[in-house]
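Before I ask anything, let me first share the structure, which is written out below as structure tokens.
The values are calculated or read from the model by the stated rules, or taken from the named source; none is laboratory data. Every value quoted in this text rests on a predicted model; they were computed, and no experiment measured them. Cβ sites come from the backbone with ideal geometry, for glycine too, and all protein chains shown count toward neighbours. With ligands, DNA and RNA removed, areas are computed over all heavy atoms of the protein, side chains included. Shrake-Rupley method; radii C 1.70, N 1.55, O 1.52, S 1.80 Å.
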Amino acid sequence: MAKSIAQFENVGLRYGTGAETLSDISFTLDEGGFYFLTGPSGAGKTSLLKLLYLALRPSRGLIRLFDEDVVTLPRGRLPGFRRRIGVVFQDFRLVPHLSAFDNIALPLRVSGVEEKDLFEPVSEMLAWVGLADRSSARPATLSGGEQQRVAIARAVIGRPEILVADEPTGNVDPEMAARLLHLFDGLNKLGTTLVVATHDVHLLSRVANAAMIRIDGGRLSDPTGLLKNPPREPRRRRDS
Amino acid sequence: MNLPFFSASQADRRLLTEGRLAGPMPWVIAIMMFMTVLSAAGGIGLNHAARNLTTGLSNRITVQIVEANPDERAVQARLAAEQLRDLPGVSNVRRVPDEEIDALLEPYIGANGSQEGIPVPALIDADLTDAAHADLDAIEAVVGDVAPSARIDDHAQFLAPLTGLIGTLTWLAFAVVILTASALAAAVILAVRSALNTHGATIEVLHLMGATDAQIARLFQRRIALDALFGGIVGFLAAAIVILLLGQRISAVGSDLLGGISFPWAAWILLALLPLAGAGLATLVARYTMVGALRKML
Ligand SMILES: Nc1ncnc2c1ncn2[C@@H]1O[C@H](COP(=O)(O)OP(=O)(O)OP(=O)(O)O)[C@@H](O)[C@H]1O
Ligand SMILES: [Mg+2]
């Protein structure tokens, strides 16, 4: 039985004083699992991911990450947790005045990697997403798809234990989408837990053993029956 | 050479936009530093002048023998001078020669006034130690025994309003230094806030990557420290030029009183420390403001 890496229990999220954007969300993610998060626009996918990558605290409920309660985690310990999670933001959030190279190098610099040890992994990562020749380009001079690939490279360069990707294939052609997905699958096989939010139903069928989290109107549905808390066997499903 | 601080700042530099000196910040700091250095110089100069006045003049007395009979006046003056010389704590006792007094009075009563029978007091100058000065009454009594017509003028008394004025101006100058330092701090707070706004998105991304508040604060702090140092040096140089020019003008006037506003060389060192202190203050305030603002983020 796989170890769980993230647990949500009756999590609710409310922005300001309105109605709850997310209600009664409970699920468990297994270490090394591959999860797709789907649902209509405005359903709350990004909100759910933000809870997962610690950009928001829930209004209620319990969230455990890496076997620790992160809802009550003191602020000072957040950086340590965040360094174990890679994020591809829906809107990329590349730093506009930094080159592709420096954007990708950012997580390594944040975790204190020496300058002389940066060049090799960053160059490798640039090549991996097919942008070796755009190393010094600023985000504004990159196409949407190229920016997205820089964002992906930046998210994975620190070898995170969880990779959270919000619509990572929204701006690329189907061929590139397939390549990126292949890349994610490769990371997953190396042990990274993947959570990928997507509208793209074609993606879902491309990864063997992926589970699906469906969210609609702020509530979780569990079409594959794999997310109940505590989770039941079998954990892996689907052969493409 | 292993310089982790240096390599860290190398990396930091790439995280935020260059163009450090583009904004008005360094110039605002330069103007404030200019005013700070000028007021500090004024304060130091005045303080020095006040001290010169005090040690030079205010421990000095003049004994007047106001006696109409010239013979009696001469006897009393001689006795009083002798008596004064014997007293402890009294030095430089000097009978002011009649010619000197005549010269002093000439504009008022014409030449040789004293010889023409206009009664003019005899004058004796003396310097006192602080202890002797404190016990002026005793001196007055002893002198009065031998010279009943003696009256003692205490220079400190007629200098008091002047030293008081200089003292007030000195404090005013240092108050201006404090005020400009506060204004400098306020300007830094505003600059940090605007930087936080400008770089809000970058800061959020850095946070989400696991950057600590200290790491992020360091990025801004360095920039502000450099801005402040640049502004400080420019302001100091401008103020130094003004002080040197003013110094020339003051010595050109040649007045004894203004001449007292001399500027000790050691004071230049103190003034040169001001831009450094300003940069230090700016850095501290920047750090405090940054960390305070970052703590409010998740
Ligand atoms: N910061 C916010 N403040 C207030 N409301 C918000 C905020 N962010 C999201 N919402 C609201 O929460 C709901 C869910 O938004 P969210 O971005 O999570 O949806 P999503 O499923 O990611 O949509 P999409 O597929 O279009 O990206 C929306 O109704 C949105 O308006
Ligand atoms: Mg979204």
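Take region B:185-204 and flag every residue that is buried (at least 21 other Cβ atoms within 10 Å of the Cβ) and either facing another protein chain (nearest Cβ under 8 Å) or under 23 Å from residue A:157 (Cβ atoms) (or both).
B:202, B:203
When you scan region B:86-106, do you find a residue that is part of a helix (DSSP H, G or I), open to solvent by 40 Å² or more (accessible area, probe 1.4 Å), within 30 Å of residue B:38 (Cβ to Cβ) and not hydrophobic (A, V, I, L, M, F, W, C), even just one? I'd like the intermediate steps shown before the answer.
So in region B:86-106, the residues part of a helix (DSSP H, G or I) come out as B:86, B:98-106.
Narrowing further to those that are open to solvent by 40 Å² or more (accessible area, probe 1.4 Å): B:86, B:98-100, B:103-106.
This time we only want the ones that are within 30 Å of residue B:38 (Cβ to Cβ), so: none.
There is no residue in region B:86-106 that is part of a helix (DSSP H, G or I), open to solvent by 40 Å² or more (accessible area, probe 1.4 Å), within 30 Å of residue B:38 (Cβ to Cβ) and not hydrophobic (A, V, I, L, M, F, W, C).
Only one of A:165, A:153, A:132 is away from chain B (no Cβ under 13 Å) and open to solvent by 10 Å² or more (accessible area, probe 1.4 Å). Can you tell me which? So that I can check it myself, show each step before the final result.
Details: A:165 fails: open to solvent by 10 Å² or more (accessible area, probe 1.4 Å); A:153 fails: open to solvent by 10 Å² or more (accessible area, probe 1.4 Å).
Answer to the check: A:132.
Continuing with the same structure: Condition (residue is modelled with pLDDT under 85 and assigned to a strand (DSSP E or B)) applied to region B:67-79: is it met by at least one residue?
No, the conditions are met nowhere in region B:67-79.
Sticking with this one: Here are some residues: A:49, A:22. Which one is within 14 Å of chain B (Cβ to nearest Cβ) and either closer than 20 Å to residue A:199 by Cα or among the small types (Gly, Ala, Ser) (or both)? Steps first, please.
Numbers: A:22 fails: within 14 Å of chain B (Cβ to nearest Cβ).
Result: A:49 is the single residue among A:49, A:22 that is within 14 Å of chain B (Cβ to nearest Cβ) and either closer than 20 Å to residue A:199 by Cα or among the small types (Gly, Ala, Ser) (or both).
When you check residue A:33 against the structure, is it in contact with a Ser or Thr (Cβ under 6 Å, 6 or more places away or on another chain), at pLDDT 90 or above and away from ligand 1 (no atom under 15 Å from the Cβ), yes or no? Quick ask: steps written out before the conclusion?
On the way: in contact with a Ser or Thr (Cβ under 6 Å, 6 or more places away or on another chain): yes; at pLDDT 90 or above: yes; away from ligand 1 (no atom under 15 Å from the Cβ): yes.
Yes; evaluated as a whole, the condition is true for this residue.
I've got another one for you. Do we have any residue at all in region A:37-46 that's near ligand 1 (Cβ under 10 Å from one of its atoms), under 16 Å from residue A:196 (Cβ atoms), outside any loop (DSSP other than H, G, I, E, B) and within 14 Å of chain B (Cβ to nearest Cβ)?
yes
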